[in-house]
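One structure below.
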Amino acid sequence: MTTLTASLKDRTVVSTWAREHGVYIALVLLIAFNAVATTNFLTVDTLQLLFSQVPPVIIVSLGMALVIGTGGVDLSVGATMAIASAVLAKFVVGGSPIGVAMAAAVVAGLLVGVFNGLVVAFARVQPIVATLGVLVAGRGIALVITGGALVELFVPFFKDVRLGKFLGVPYVMIVAALLAVGVSFLVRRTAFGYRLLAIGGNRRASVLAGLPVRRTLIVVYAISGTLAAVAGVIATARLRASDPSYIGLLMELSAITAVVVGGTSLNGGRVRILGTVTGAILIQLLETTLVSHNAPDSVARMVEAVIIIAAVYIQRPARSSR
Amino acid sequence: MTTTKQAPVAVAADHGGREAARARARALTSLISRNGAVAVLVIVVLAGTLLVSSFGKPDNLRNVALAASFIGIIAAGMTFVIISGGIDLSVGSTYALATIISAMYAPRGSFIAVLYALLAAGLVGLIQGLIIARWRLPAFIVTLAGLTGVRGLVFYITHEGNDHPRIEGRLAFEALGTGSLATIGTPVWIMLAVFGIGWWALNRTPFGQSVQAVGGNQSAAELMGLPVKRTQTIVYVVSGLCAGLSGVLTTALSGGGQEARIGDAYELSAIAAVVIGGTLLSGGVGSMVGTLAGVLLLFVIQNLIVQGANLNSYVQQVVSGSFLLVVVILQAALSRRAGTSET
Amino acid sequence: ALLTACSTGSNSGSTTDDSSAAPVATALGSANAGGVPAAITAAGGTELLTRPKGEGVSAEYGPMCKGSDLGIGKIDFKKDTIGWAQSEKEANPFRIASTKSQIEAAKAKGWKLLTTNAQSNVQQENSDIKGMIDKGAKAIIFSPINSTGLGDAIAYAKSKKVAMIPVDRNITGVQGCKDVGPQLGSDFVEQGRRAADAMIKATGGKAKLAILLGASGVNVTDDRTAGFLDQLKAKNASGIEVVFQQTGDFTREKGKSVTETMLRAHPDVTAIYAENDEMGLGALAALDDAGKSGTDKVHIVSIDGTKGAVQAIVDGNFDAVIESNPAFGPASQAALEAYVNGDGAPAVTITTDNQYDSSNAAEALSSGKAY
Amino acid sequence: MTTPVTSPILKVTSASKRFAGVRALEDVSIELFPGEVHALVGENGAGKSTLIKLITGVYQLDSGSVQLRGEDVAFASPRSAQHAGIATIYQEVHLAPQLSVARNFFLGREPTRFGSLDLKKMNRDSAEALKRYGIVADVKRPLGELGLGIQQMVAIARAIESDAKVVIMDEPTSSLEPREVDLLLDLVGQLKAKDVAIVYVSHKLDEVFRACDTVTVLRDGKLVSTGPTKDLTRRQLIARMLGRDAAELDEGARTQLQRREIADAEPVLKAEHLNRRLILEDVSVVVRPGEVVGLAGLLGSGRSETAKAIFGALPLDSGDIAVDGRALTHQTPASRIRERVAMLPEDRKAEGIIPDMSIRDNIGLAALPQLTKAGLVSRKRVDDIVKTFMTRLRIKAAGPQQKVSELSGGNQQKVLLARLLCLNPRVLLLDEPTRGIDVGAKAEVQALIAELAEKGMAVVLISSELEEVVEGSDSVVVLRDGAQLGRLVGDDITEDKIMDLIADAASEQLEEAAK
Ligand SMILES: Nc1ncnc2c1ncn2[C@@H]1O[C@H](COP(=O)(O)OP(=O)(O)OP(=O)(O)O)[C@@H](O)[C@H]1O
Ligand SMILES: Nc1ncnc2c1ncn2[C@@H]1O[C@H](COP(=O)(O)OP(=O)(O)OP(=O)(O)O)[C@@H](O)[C@H]1O
Ligand SMILES: [Mg+2]
Ligand SMILES: [Mg+2]
């Protein structure tokens, strides 16, 4: 008798646990698959490659997680990466020191974010279309800045960005990890974090509770823009060129997927940072896996679709909520 | 209780004309707020006609309408999805699927070609709808997977995009694309019919009520005993069918031969049109007329850019993005003025 | 039944059911009676013309098209406008050069040119072309997104008696001169073949080869793949083993990340065929990071002929680059003039594409031939 | 009194339900007979709503069974329960606010003609039906634009009109005025006469004694007693609900509000000549330190609107608002809170709670600036405050980390009160502060209001329980249709006088309209 009830209880415990940790389970499964099926997978090199490719996705996803936490979404991140990249190129080509150029690029991202925030907070346009405007216009702006084409950048510092490692961990991954810790701290410990989640949970109630809703929204979009710009700089360094028409293309979808697969609801009011980071790694690894197995594009896409659904299925909401 | 005098309970009875004034004011504001997009459309069209001489010519207007009809039909289905509180990112891929299938089966005759294309598109919608309704997975992610997966399917059936199936010779269903009635292309009429039926279904049928209630508050709809899951499933089927119909018309108009990547990013145009039309992404509130105006706005803007200026491609992008922003801000301002203020 | 439809839909009329790539692969190879390749027949060319060819022309096919046959009146180029419809964003060297060539040629002649860009969206290109016609354009030179699929715009132009000149990619499935005016195009299959030849030469016929495919679903990708693989077979280059084939979306970024991943799974790859220069340069960046750049370690052959790639030959990183010449401006505008005002232009003109390797790369850079 | 001779139509046998960590219901059985009005009472969080949701298929039973007409049923969803003839009005209004009143009224059972909604019939029938419930409203208007009370009436009408054999009402009167309550109880009588079985949940014990035949008391998820209402006195009932001796209760008076002497001091809050086109017309509210000013009026008379206007949540066309003599210019809630004005919103679901946040975070939210140092939230200070208020207001929950959405309605209300109180306000605007709160806690809250007033705070009180306003206010502003009818002070404050004022104004208007 007791075993029966115990096992029943276990089952719910297991399913709750799975729901909470779906993304980690999915990642472990994918790694296990690779360990068995992919040649040369379990090596330091593979990990290093993954950690040099994934940081832009992680960094953009962090900003996206905050935006989603407020119940919004930021479609402009990919275009913002392109703008940052173009600004970077403009300054480098103009002879500025690389530090200045990178700062300018990040400021450009910040400005795009502030602009989005203003449109969302003051004009009260729905975030998805407010940022869609920048998605459409942003690449055009980037192309106007660079004069229309890819610009090759020969900057010695970029080599460090690409290849530099600390204790075997690529610098860019360390940057991503630090940013993740920072954002996590922001969400958990600061008043700003509380407000952001409150706005996502119930905007009207937040207004009536006297929260500075507009200011918070503007800051959130500004952070998202800034992080996208940082990702844009890293992507540019990785490519040693600024390619405004393609840098960060479709990044918004990857980032949203990472956030949601990581267990954050699109309804707002909740943010999971570690889950988001894991989600980003999962998506990048999935892509890498399909490429290393030389899957045709058609098959790769179909498999990707199934795995994304599976990953969110594991953590689907329990039946008897509410 | 203790009340001796009969106090009227009626609150909003027409006393002193005040309630009448309120009603009038409400009618006006809700008219504007519900039709913000129509108002903006009228403004843009008038301005366009005055400023750009070639814009107002009947030929051009006919062409704008024709071009708009494909995204228009997709947006009509999308309106249902968004009002129900969901979103459908897969429409571009579903559209491609129908475009390719209808051309692929053209040798089997018009009926089979159209039927198979619509079945495939409806099935895509059904599967997504079931996953969203039964498993309660977020629509954004499910249909994002749909976007990826169905595109993969399209690549698969075209042998990695190598095939561009075409209609050889004339087929009856091509008339759906190339025909015209009163000088206006058939796809435009079909789009209008779709919007007409959509309007009716949304506002004049129990299903439409259910869509709006589910979108407004899903748990409330459940408690009211509405068929929430069925409603959610059906809206994705409707959206899939609309995308499919649009794909069939594309094949009919072009005679097939489309690439497997056709319809890329159509979901964004369709969503933009719906939202510009005043439908709230949070669900519950929306209008068919608004969506129609939203679609037309997008295409009028695009056309004005071609007609009015000779811009290179990236400046063109900047202009259309900015135009889009201005329109949505204007639309939001109009609706807010009329709606409740939030401070 | 499914496949019948496919094969009739693709560039050739052949009905091989077993392989999807087959119809395209045999396209230019199987010459019909009269020595006209099937792909040209599909584009409306029926006979090889023997008249003396102009510069940059590799072949011309009749019949000769005259605008008057379609009721198209003479154009007064001093007053009337013509339109240029670009298919994709002018964001890579090929598209930039292609639009620039049209604009500069028109400027040189003093013509009034409208321009549009369809951002890779076929419906958009249809309405761009119709929009320019509505705006009064008397002729449209256009780069089709795809060989088929612009039926709507073409029919509209025909009804409005507007001349249509497709460039760089041919419109297929048409009757010579009946649906569109003279066509000027590159031969993408041929480019693939020449890339294969260059690859065989560079590797001595023995290699573990990775192919960076172009964007999926685009027929340039199909043609360049088919031509390449076909030629390897034709030349019996069985020593060249294709171990990897993935799309790099024609972009440098994707070219790089795919190559990085590929190098993990297949560290023994000795040659890369990139279907455009951008992906090739992305692959080069990845090789460089891995310390594997240089043709002594990994051979690279790519297509397009942009400055960056030609420079890579000079630097000893690429073996060869097959040119895909985007400068259709002067030729297409001359063809238009002959078509509407003169005594006609050939239904299909195939332009000459250069080829660069270590012997002529430096010269191509200094003379500005590489764009 | 019906003596049920028939067999029970609905029977719940030892129902149990637990939510992660909380035992919401344990071994509860009830029987319901046709023509019986069965009251379900208990403290906030006792498990009343849970029991109802178990019956109607919103939740599934962990163990136990439900029988309808003698047959075992386990409804998979509220929809199937509805089809089986159980109509339910859930706690908190559950309708589609964006749809018109008429469409809401018929939602899920729309009349159609040739597949099309028969709008004419819908509008006509719903208007008529509502009139029977004493509501005259434009049925074509979106429901959400109407006051909460009216929405509740629509929900009730909707459920009752559906020909059900069992009608379950979870706190139907929490937003209703005495008039509507009378009407509703009338209706209950009519249903009863038609042999419909009714489950009636309420914290207003008068209603229970007036209308219910049987009363079941729940406490902490367990059944305390079940029996005829007439066998119980009010005090006994309360004692059972709270689990205390009847004697213990006597020391706490029934209502904790009583009139105080107000010093002739400078007013703390001076809100004068508030005007907002079509909504408010020259309303003035002046509150001196230690004073409680009540706002009285019928449903939709503009009381909530007045409070919101004072709080800066409703833009004004004109009006002067001053606190402690300082004129307030910014019209935003945030600036009001900085001036130590706080408001408890009427619609706690839409405007109050952040459902997915914990109790702790919900309470600390508004006071964040005080609890923050250099942008960092001091966890300890938040925890202290939360602990204080959770005990003081007797918030029943698994712990401060529980999500607010998982709390019972009454406890959610207490959380909101706590949020306001930790702001340490000068001016407190309370819109229905005791809505849905159980008797024990209500006394507590009323005592709290009195205590706060004593300390010199200015309180504006809105309540649909006229009694509460009358007993607790030092002066009362009477509103009708957004306009101020008059102000009553001291002994003039009686229910009769208030109703007289309103009735007079109405007949005047009618006369005017007749001319
Ligand atoms: N979804 C849920 N998850 C976790 N706990 C829940 C949930 N729903 C209810 N509870 C808990 O179950 C208990 C009973 O709640 P219920 O809503 O039935 O109370 P109630 O008697 O209706 O109270 P009130 O008079 O305040 O409405 C409460 O302690 C509540 O916190
Ligand atoms: N029956 C009705 N018909 C039309 N409008 C109404 C009706 N009842 C309320 N309203 C409107 O709804 C709004 C609600 O008013 P408000 O909430 O201030 O009233 P209240 O006195 O607080 O009443 P309640 O107890 O319903 O909250 C007002 O703008 C009023 O015009
Ligand atoms: Mg309850
Ligand atoms: Mg009120």
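Residues that are surrounded by 15 or more Cβ atoms within 10 Å (Cβ to Cβ), of a type outside the set (D, E, K, R) and part of a helix (DSSP H, G or I) within region D:390-412 comprise D:M390, D:V404, D:S405, D:G409, D:G410, D:N411, D:Q412, listed in sequence order.
Scan region D:131-151 for residues that are buried (at least 22 other Cβ atoms within 10 Å of the Cβ) and under 16 Å from D:D186 (Cβ atoms) and the total you get is 1.
Could you look through region D:154-180, keep only residues that are assigned to a loop (DSSP other than H, G, I, E, B) and within 12 Å of another protein chain (Cβ to nearest Cβ), and pick out the one that is nearest to ligand 3 (Cβ to nearest atom)? Break it down stepwise before answering.
Keep residues of region D:154-180 that are assigned to a loop (DSSP other than H, G, I, E, B), which gives D:161-165, D:171-177.
Then keep just the ones that are within 12 Å of another protein chain (Cβ to nearest Cβ); that gives D:162, D:164, D:176-177.
Values: D:S162: 22, D:A164: 20, D:L176: 16, D:E177: 21 Å.
Across region D:154-180, the extreme among qualifying residues is D:L176.
Please determine, by comparing only the residues of region B:250-265 that are more than 7 Å from every other protein chain (Cβ to nearest Cβ) and crowded, with 24+ Cβ neighbours inside 10 Å, which one is nearest to C:N121 (Cα to Cα). Only one residue tops the list, namely B:G263.
Looking across region D:104-153, the residues that are out of contact with any Gly (no Cβ under 8 Å at 6 or more places or on another chain), away from ligand 2 (no atom under 11 Å from the Cβ), of a type in the set (G, A, S) and not in a helix (DSSP H, G or I) come down to D:G115, D:S116. Cβ separations smaller than 9 Å between residues 6+ apart or across chains give no pair from region A:43-60 residues that are without any contact (Cβ under 8 Å) to a residue 12 or more places away in the chain and within 13 Å of A:V277 (Cα to Cα) to residues that are surrounded by fewer than 24 Cβ atoms within 10 Å (Cβ to Cβ) and of a type outside the set (A, V, I, L, M). Pick out, from region C:54-120, the strands (runs of 3 or more DSSP E) lying fully within it that include 3 or more residues that are within 14 Å of another protein chain (Cβ to nearest Cβ). The qualifying strands (runs of 3 or more DSSP E) are C:81-86, C:112-117.
Only one of the numbered conditions (1) free of Cβ contacts under 8 Å to residues at least 40 places away in the same chain; (2) over 23 Å from D:S126 (Cα atoms) is violated by D:K204, and that is (1).
Screening B:L311 against (1) part of a loop (DSSP other than H, G, I, E, B); (2) surrounded by 23 or more Cβ atoms within 10 Å (Cβ to Cβ); (3) without any contact (Cβ under 8 Å) to a residue 40 or more places away in the chain leaves a single unmet condition, (2). Of the strands (runs of 3 or more DSSP E) lying entirely inside region D:442-508, those carrying at least 2 residues that are open to solvent by 20 Å² or more (accessible area, probe 1.4 Å) and out of contact with any Cys (no Cβ under 8 Å at 6 or more places or on another chain) are D:483-489. Of C:A163, C:A137, which residue is of a type in the set (A, V, I, L, M) and within 12 Å of chain B (Cβ to nearest Cβ)? Result of the check over C:A163, C:A137: C:A137. Restricting attention to region D:296-321, which residues are assigned to a loop (DSSP other than H, G, I, E, B) and either at the interface with another protein chain (Cβ under 8 Å from one of its Cβ atoms) or near ligand 4 (Cβ under 10 Å from one of its atoms) (or both)? Result: D:G297, D:L298, D:L299, D:G300, D:S301, D:G302, D:G312, D:A313, D:L314, D:P315.
Scanning region D:18-48 for residues that are surrounded by 22 or more Cβ atoms within 10 Å (Cβ to Cβ) and either within 14 Å of another protein chain (Cβ to nearest Cβ) or more than 6 Å from ligand 1 (Cβ to nearest atom) (or both) gives D:A24, D:L25, D:V28, D:L32, D:E36, D:V37, D:H38, D:A39, D:L40, D:V41, D:E43. The set of residues in region A:223-236 being more than 13 Å from every other protein chain (Cβ to nearest Cβ) and open to solvent by 10 Å² or more (accessible area, probe 1.4 Å) consists of A:I223, A:T226, A:L227, A:V230, A:V233. The set of residues in region D:322-351 that are without any contact (Cβ under 8 Å) to a residue 24 or more places away in the chain, more than 13 Å from chain A (Cβ to nearest Cβ) and of a type outside the set (A, V, I, L, M) comprises D:R326, D:T329.
What residue, of D:Q98, D:Q82, is within 10 Å of chain B (Cβ to nearest Cβ) and in contact with a helix residue (DSSP H, G or I) (Cβ under 6 Å, 6 or more places away or on another chain)?
Working: D:Q82 fails: in contact with a helix residue (DSSP H, G or I) (Cβ under 6 Å, 6 or more places away or on another chain).
Step by step, each of D:Q98, D:Q82 is checked, and only D:Q98 is within 10 Å of chain B (Cβ to nearest Cβ) and in contact with a helix residue (DSSP H, G or I) (Cβ under 6 Å, 6 or more places away or on another chain).
Taking the criterion of being open to solvent by 10 Å² or more (accessible area, probe 1.4 Å), closer than 30 Å to A:L153 by Cβ, assigned to a loop (DSSP other than H, G, I, E, B) and not aromatic (F, W, Y), the residues of region C:216-250 that qualify are C:S216, C:D249. Just one of the listed residues (C:I322, C:I300, C:I313) is more than 21 Å from the chain's Cα centre (by Cα), aliphatic (A, V, I, L, M) and away from every other protein chain (no Cβ under 12 Å), and it is C:I313.
Among the residues of region D:322-347, those identified as open to solvent by 10 Å² or more (accessible area, probe 1.4 Å), part of a helix (DSSP H, G or I) and not hydroxyl-bearing (S, T, Y) are D:A334, D:I337, D:R338. When we screen C:L70, C:L48 for residues that are without any contact (Cβ under 8 Å) to a residue 60 or more places away in the chain and either under 20 Å from the mean Cα position of the chain (by Cα) or surrounded by fewer than 21 Cβ atoms within 10 Å (Cβ to Cβ) (or both), the only hit is C:L48.
Quick check on region D:298-319: of everything there that is more than 6 Å from ligand 2 (Cβ to nearest atom) and open to solvent by less than 10 Å² (accessible area, probe 1.4 Å), which residue is nearest to D:L269 (Cα to Cα)?
Initial filter on region D:298-319 (more than 6 Å from ligand 2 (Cβ to nearest atom)): D:298, D:306-319.
Filter once more, so that each one left must be open to solvent by less than 10 Å² (accessible area, probe 1.4 Å): D:306-307, D:309-313.
Details: D:T306: 13, D:A307: 12, D:A309: 13, D:I310: 9, D:F311: 11, D:G312: 13, D:A313: 16 Å.
Ranking the qualifying residues of region D:298-319, first place goes to D:I310.
Per-residue answers, yes or no, for (1) open to solvent by 40 Å² or more (accessible area, probe 1.4 Å); (2) touching a strand residue (DSSP E or B) at 6+ places or on another chain (Cβ under 6 Å); (3) more than 28 Å from C:K256 (Cα to Cα):
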site: C:G282; (1), (2), (3): no, no, no
site: C:G291; (1), (2), (3): yes, no, no
site: C:V301; (1), (2), (3): no, yes, no
site: C:T306; (1), (2), (3): no, no, no
site: C:Q311; (1), (2), (3): yes, no, no
site: C:D343; (1), (2), (3): yes, no, yes
site: C:I350; (1), (2), (3): no, yes, yes
site: C:Q355; (1), (2), (3): yes, yes, no
site: C:Y371; (1), (2), (3): yes, no, no
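Considering D:V404, D:V469, D:V477, the condition of being among the β-branched types (V, I, T), over 16 Å from D:V341 (Cβ atoms) and away from ligand 4 (no atom under 16 Å from the Cβ) is satisfied by D:V404 alone. The residues of region A:237-263 that are facing another protein chain (nearest Cβ under 10 Å) and over 12 Å from the mean Cα position of the chain (by Cα), listed by number, are A:R238, A:L239, A:R240, A:A241, A:D243, A:P244, A:S245, A:Y246, A:I247, A:L249. Looking only at region D:68-78, residues that are farther than 25 Å from D:L184 by Cβ and at the interface with another protein chain (Cβ under 9 Å from one of its Cβ atoms) come to 1 in all. The number of residues in region D:181-193 being away from chain B (no Cβ under 13 Å) and either without any contact (Cβ under 8 Å) to a residue 40 or more places away in the chain or within 16 Å of ligand 2 (Cβ to nearest atom) (or both) comes to 3.
The values are calculated or read from the model by the stated rules, or taken from the named source; none is laboratory data. Given the structure is predicted, the values throughout are model-derived calculations rather than measurements. Cβ coordinates were reconstructed from backbone atoms using ideal geometry, including for glycine residues, and neighbour counts include every protein chain displayed. Areas reflect the complete protein model, heavy atoms only, side chains present, ligands, DNA and RNA absent. Shrake-Rupley method; radii C 1.70, N 1.55, O 1.52, S 1.80 Å.
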